[in-house]
Amino acid sequence: MHPFYKSGAASPGATHLQTSRQMKTAADAKDVPILIAAVREGCSWLVTFNVRHFRPGHPDVTVLPPGDFVLRVRGLLAAL
């Protein structure tokens with residue numbers, strides 16, 4: 001179970017509420033729901049032009065601009 005999810009939460013809403021509280025300072029207030037969704041769905045990368053709005057972010061999600069994402073994917077494909 002992901003550390004941001006409370007074990008034995010009464011309902012999905014309760015889990016979401018706890019996650020929101022813990023993530024409150026992980027990103028700009030308007031962008032917290034996006035970061036929560038990325039963590040909840042297990043996204044490795046979050047691609048955005050507003051990288052600074054996702055600071056400090058979350059250790060499981062790498063936030064990067066589109067150009068860096070393309071370079072990273074290109075490098076991964078080249079290694080195949």
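No lab work stands behind these numbers, since they all come straight from the coordinates. Computed from a predicted structure; not experimentally measured. Neighbour counts are summed over all protein chains in view; Cβ atoms, including those assigned to glycine, are modelled from backbone coordinates with ideal geometry.
Could you tell me which chymotrypsin sites (Phe, Trp or Tyr not before Pro) in the range 38-78 are loop residues by DSSP with no more than 16 other beta carbons within 10 angstrom of their beta carbon?
On the way: sites: TRP45, PHE49, PHE54, PHE69; in loops: PHE49.
Loop-located and lightly packed - PHE49.
Under the definition of Cα pairs under 8 Å and six or more residues apart, what whole-number percent is the relative contact order of the range 22-80?
Numbers: 63 pairs, mean separation 18.9, N = 59.
Dividing the mean separation by the residue count of the range 22-80 yields 32 percent.
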